[in-house]
Amino acid sequence: MGGREADAAEFAGAFPTLDEVQLTQLRPFGAETEVARGEVLIREGELGADCVVVLTGELEAVAHYGATGDPVSTPFKPGQFVGVMNLLSGEGAYVTVTASADSRVLRIPLARLRDVMGQDVTLSEIVLRAFLLRHSLLMRLGTGPKVIGSRYKLKTREILELLARNRITVTWLDVESNPGAEQILRGFGFTVDDTPVVLVAGQPILRNPSLAEVAAVFGITPSSSKSADSYDLIVVGAGPGGLAAAVYGGSEGLSTLVIESVAVGGQAGTSSRIENYLGFPAGLSGQELAARAALQAQKFAAAILVGCVAQSLSSADGLQAVGLTDGRTLSGRAVVVATGARYRRLSVPRLRDFEGSGVYYSATEVEASACSHGVAVVGGGNSAGQAAIFLARKGLHVDLLIRGPSLESSMSRYLIDEISKEPAITVRYAAQVVELIGSDRLAGIALETRAGGRAEIDASGLFSFIGAEPNSDWLGAGIERDPDGFILTGPDVASPGSLPLETSRPAVFAVGDVRHGSIKRVATAVGEGAMAVRLVHERLLR
Ligand SMILES: Cc1cc2nc3c(=O)[nH]c(=O)nc-3n(C[C@H](O)[C@H](O)[C@H](O)COP(=O)(O)OP(=O)(O)OC[C@H]3O[C@@H](n4cnc5c(N)ncnc54)[C@H](O)[C@@H]3O)c2cc1C
């Protein structure tokens with residue numbers, strides 16, 4: 001499919017028209033009302049807005065696009081519905097929706113929309129696909145809330161990552177390159193020292209906020225998830241392993257809470273395309289998988305707290321206590337540790353200076369949009385291969401740097417084939433990064449080859465995918481681990497009678513990449529998450 005045809009197909013998928021049968025299926029979930037021309041149905045910033053379906057007439061959704069904030073409207077005709085991904089999280093609306101003609105509409109409240117998506121596979125596909133495609137269109141256009149900050153400040157990049165990973169569309173005004181940014185700051189009486197500043201319609205302005213404050217203002221953690229202190233099952237980490245445990249825990253009647261520090265989806269959520277997950281022959285993006293899994297977990301009443309970091313685990317009187325960095329302690333009869341792994345850092349001088357302003361550990365729209373011309377991807381595994389292909393398709397030239405003499409032993413065949421067909425990717429074998437070039441922003445890298453040669457390449461981004469280390473430090477000394485920090489389970493632990501996947505502490509299980517001996521794949525993490533719930537039942541019955 002050519003670029004224009006692909007764009008047209010994406011646009012059609014983003015704004016589908018429901019047929020009469022589908023509208024009839026939807027009717028019981030909402031309330032039909034007449035609206036007069038000019039009447040406002042949703043205001044920008046409104047929390048928990050309804051999903052609105054046009055039955056007759058026409059609606060207009062006005063959003064503010066681009067750095068200038070110019071309003072642009074999208075007409076919605078009969079059979080079309082208004083909403084983007086943020087609607088499902090209960091976040092403030094990005095658009096003001098007005099009737100541009102006398103109309104009849106179906107208003108579906110958020111909870112009922114979730115019911116529709118839980119009950120009807122076809123409608124769920126159409127709605128989720130439209131919301132995700134609209135999200136990516138809006139990302140490209142730049143709309144909704146704004147983050148004003150410097151690309152050189154780590155906090156700016158952390159906020160942008162938190163929002164991007166949670167599929168929240170924002171316009172980023174970089175004070176380094178956008179003269180309008182400083183003007184807006186002055187308008188509020190702020191200076192560059194107050195940045196990053198986060199502007200969300202209908203919410204207090206945030207100056208240099210913590211990630212938890214940003215998560216709260218965007219409604220990333222649903223309010224329904226904030227109440228109880230005690231659960232049957234606490235799952236730490238919302239990657240594929242944790243989400244699977246949540247789906248199975250919730251569906252099997254355990255009161256289940258998931259604690260997640262950054263965003264649902266974990267490492268898989270940063271993957272541009274997962275091609276080898278069972279049941280998706282055309283592949284799917286990690287964000288899509290994460291969105292579907294989170295929805296499914298919530299359908300089974302599992303609560304998900306995002307923006308919360310677990311920092312300790314202790315047990316007393318048959319209960320496990322998980323301490324959070326915000327001071328709270330949550331208790332559960334059983335715990336599934338699914339905290340996964342994070343990428344290793346390259347051993348090269350000044351690495352930390354460029355992290356977030358040239359050195360990245362994931363390749364999503366946000367990182368790609370911060371780069372120009374050439375980038376380098378380091379690593380010979382599947383994640384490096386996926387990143388290289390994704391970045392090349394974003395119009396960047398990619399130098400793929402690997403230490404070994406070939407990709408065959410470390411990368412899947414389908415990726416090797418795609419890379420060989422991609423003219424924008426140059427593979428450099430037996431190459432090692434020895435120097436990062438640039439004053440305050442990465443401008444290039446120096447390489448050394450095994451033969452002793454040195455080369456310099458222009459690179460506005462260095463994407464590092466060189467193996468993982470486990471997120472297990474927070475557990476303290478109480479849980480047995482191997483010398484690399486991966487958690488021992490089942491027959492590997494010293495305590496007799498441990499169940500499979502059970503750690504050295506009874507009723508504490510470990511699944512997915514954080515576990516010693518795990519196969520680092522989405523499917524295996526999901527399988528272990530599901531299996532752990534069965535074993536939790538067995539432990540609690542003993
Ligand atoms: C770019 C990329 C592409 C990939 N592509 C594929 C692929 O195509 N196919 C495939 O099978 N596999 C792929 N993988 C591997 C796959 O994503 C992982 O094996 C899988 O995500 C592991 O799942 P997990 O649930 O064990 O952990 P993770 O996905 O690592 O999730 C762990 C979660 O725990 C959270 N967390 C960590 N510490 C804490 C804490 N203290 N408190 C609260 N939360 C915490 C993290 O924020 C994270 O969200 C890819 C990985 C990457 C990075």
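The values are calculated or read from the model by the stated rules, or taken from the named source; none is laboratory data. These figures come from a predicted structure and were not determined experimentally. Note that each Cβ is placed from the backbone with ideal geometry, even for glycine, and that neighbours are counted across all protein chains shown. Please note that ligands, DNA and RNA were not included when accessible areas were found on the heavy atoms of the full protein model with its side chains. Shrake-Rupley method; radii C 1.70, N 1.55, O 1.52, S 1.80 Å.
Side notes on the structure shown:
- Cα gyration tensor shape for the range 411-542, rounded if a/c is under 1.5, else prolate or oblate: prolate
- The range 256-403, Cα convex hull volume normalised per residue, Å³: 161
- The magnitude of the dipole of the chain, with charges of +1 and -1 set on the Cβ of Lys/Arg and Asp/Glu and taken from the Cα centre, is near 520 debye.
- Convex hull volume per residue, computed on the Cα atoms of the range 444-483, equals 124 Å³.
- Contact order relative to length of the range 294-440, as percent, for alpha carbon pairs under 8 angstrom and 6 or more apart: 17
- Expressed as a fraction of 2.2 N^0.38 Å, the value expected for a compact globular protein of N residues, the C-alpha radius of gyration of the range 257-328 is 1.38.
- Ranked packing of 313-321, 423-431, 521-529, 41-49, most packed first, by mean Cβ within 10 Å: 521-529, 41-49, 423-431, 313-321
- Accessible surface of the chain, 1.4 Å probe, proportion on carbon and sulfur as whole %: 53
- In summary, the lysines within cross-link reach of K155, defined as a Cα separation below 24 angstrom excluding same-chain residues under 8 places away, comprise K146.
- Local net charge near S255, Cβ-Cβ under 14 Å (Lys/Arg +1, Asp/Glu -1): -2
- Spin-label model distance (nm) - E275 vs A455, 7 Å beyond Cα toward Cβ: 2.4
- In the distance distribution for the chain, Cα-Cα pairs more than 34 Å apart total 43 percent.
- Across the chain, the mean sequence separation of Cα contacts (distance under 8 Å, 6 or more residues apart), normalised by length, yields a relative contact order of 11 percent.
- Surface per residue (accessible, 1.4 Å probe) for the chain, Å²: 43
- Range of Cα positions in the range 146-209 per principal axis (Å), largest first: 29, 28, 17
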